[in-house]
Each structure stands twice: as C-alpha cells, then as structure tokens.
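So the structure is just underneath, and the comments pick up after that.
What follows is calculated from the coordinates using simple rules that are stated; it is not laboratory data. Keep in mind the model is a prediction, meaning the values are calculated, not measured. Please note: Cβ atoms are built from the backbone with ideal geometry, for glycine as well, and neighbour counts cover all protein chains shown.
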Amino acid sequence: MLNLVLFGPPGAGKGTQSSLLMQKYNLIHLSTGDILRSEIAAGTKLGLEAKTLMDRGDLVPDEVVIGMISSKLDNNLTANGFIFDGFPRTTAQATALDILLKEKGTSISSMLSLKVADDELIRRLLERGKNSGRADDKNEGIIANRINEYNNKTAPLKEFYSSQNKLYEIEGLGSVEDIAQKLNSVIDNL
Ligand code: AMP
C-alpha cells in the first residue's frame, strides 16, 4: 500500500495536490475537514458539535477524527493506498494512525510537507473565502487562529515522521503543476 500524509498549514495546497495524487496513484483521499463538513451538511450530531469549533478555527477532539478515519480505513481494506489530508494534526492522532495501519498490516510510506510562508497562506485563504462558503476562510482573526493551531499542535508532527525517516519537505510556492511534479518525483523515488 502507498500511504501518504500530505502535510502543511491551512492554505498550503493540500486539497488541490491531493486530488492530483489520488488520480495519478489510484489512492483514496481522506480529508478529515471534508468529512466533517459533510457531517455538518447532513446535520448530524457530530457535525453540529464540530461546527462551533471549526467556525472558530479550533481543532476538533482527537477521538472524533480518529474514529472517522478508523471507519474509513475499515471500509476500504482493498485500496491501493490512502492520502491523508489534514490528518493527523496532533501527536495523539499520528500515534493512533500508526496503530490503526499496523493492525491492517501496513504503515505510512511518507509525509510530504508543503512549505508556504504565513503571509501567502493568509492571502490564499482570504481569496478562497470569497467562494468557498467556509466561515473559517473569511475572517483574518480566525485564519490567524488556524495558523496558530497548526504551529502549536500540528507542526511538531514533522519531528514525529522525521524520526521515522519519512519526512520530505517541498516548497509549496509556484504553479500547481510545478508543485505536483515535485511531489511526484519524491513519491516515484520512495
Ligand atoms: P481543513 O479542511 O483541513 O482546513 O479543516 C477545517 C477544520 O476542521 C479545522 O480547522 C478543524 O477545526 C477541523 N479539523 C479537520 N481535520 C482535523 C483534525 N485532523 N483534527 C482536528 N480538527 C480537524
């Protein structure tokens, strides 16, 4: 199985690049943000609880997203592999993911981390907010909180994967095609 963690701060381009990677390598794209937004759209209890946190730019509890990922893995046991987008976001999530994958006889192949400067992230998210309909893309204070959450709780995961020799850092500035090519060349050399 090819199991990739596509990593980076909000606005780094993880969603865009995930769609390309999913097609090229025939992988299942698992975005916890997308799954949570579909729970909200469906009006589920989980969605309602998550919405308040998401609209503020806070992380939702680990057990919620770990449970979601666990059931997606169970439902796709014969997949070629997975792209994890926006997950894991904390050390507890990364540890849980390692255990879930191990139970299925597989593991993370690599973490591809997109690097983009904060001012560019803010510019991209505000631009996306004009059309995305996402409350958390519209307000600069909320965007700042999301970047803060990333720096405090999520960025340390680079060390988690680096200690397993799985971290690859990729410059996330440039055209979508250029960045895709850089990602492809890392994956093709794994
Ligand atoms: P995203 O679409 O990845 O930008 O996620 C949007 C929001 O969903 C985040 O700001 C969090 O509130 C929540 N979220 C998504 N993935 C996770 C996760 N792995 N852990 C905690 N919260 C998450």
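With K and R counted +1 and D and E -1, the other residues having a Cβ less than 11 Å from that of residue 157 yield a net charge of +3. For the pair residue 159 and residue 103, the difference between a 0.36 nm per residue extended length and the Cα-Cα distance amounts to 17.8 nm.
From its DSSP helices (H runs of at least four residues, each -39,500 (n - 2.57)), the chain gives a residue-normalised ellipticity at 222 nm of -17000 deg cm²/dmol. Pairs of alpha carbons in the stretch 17-111 separated by more than 15 Å make up 62% of all such pairs. Length gained on full extension, residue 185 to residue 95, computed as 0.36 nm times the residue gap minus the Cα-Cα distance: 29.7 nm.
Roughly how many whole Å is it from the C-alpha centroid of the stretch 156-190 to that of the stretch 59-134? Answer, in whole Å: 15. Residue ranges 129-138, 116-125 sort as 116-125, 129-138 when ordered by packing (mean number of other C-beta atoms within 10 Å per residue, highest first). Scaling the Cα radius of gyration of the chain by the globular reference 2.2 N^0.38 Å produces a ratio of 0.98.
Give, rounded to the nearest 20 debye, the magnitude of the charge dipole that the chain has about its Cα centre when Lys and Arg contribute +1 at Cβ and Asp and Glu contribute -1 at Cβ.
Working: 22 positive and 25 negative charges, 45 e Å.
For this selection, approximately 220 debye.
Close Lys pairs in the stretch 1-124 (alpha-carbon distance under 17 Å; sequence gap of 8 or more, or different chains): 4. Prolate is the label for the stretch 62-101, because the ratio a/c of its alpha-carbon gyration tensor axes (a ≥ b ≥ c) is 1.5 or higher and a/b is greater than b/c.
Per residue, the convex hull spanned by the Cα atoms of the stretch 63-129 measures out at 125 cubic angstrom. If one computes P(r) from the Cα atoms of the stretch 96-157, what percent of pairs lie at distances over 17 Å? In whole percent, the share of Cα-Cα pairs in the stretch 96-157 beyond 17 Å is 55. Within the straight-line cut-off of under 16 Å between alpha carbons, the aspartates and glutamates reachable from residue 158 are 85, 98, 149, 169, 171, sequence neighbours fewer than 8 places apart in one chain being disregarded.
Residue separation times 0.36 nm, minus the C-alpha to C-alpha distance between residue 62 and residue 118: what's the value?
Between residue 62 and residue 118, full extension yields an extra 17.6 nm.
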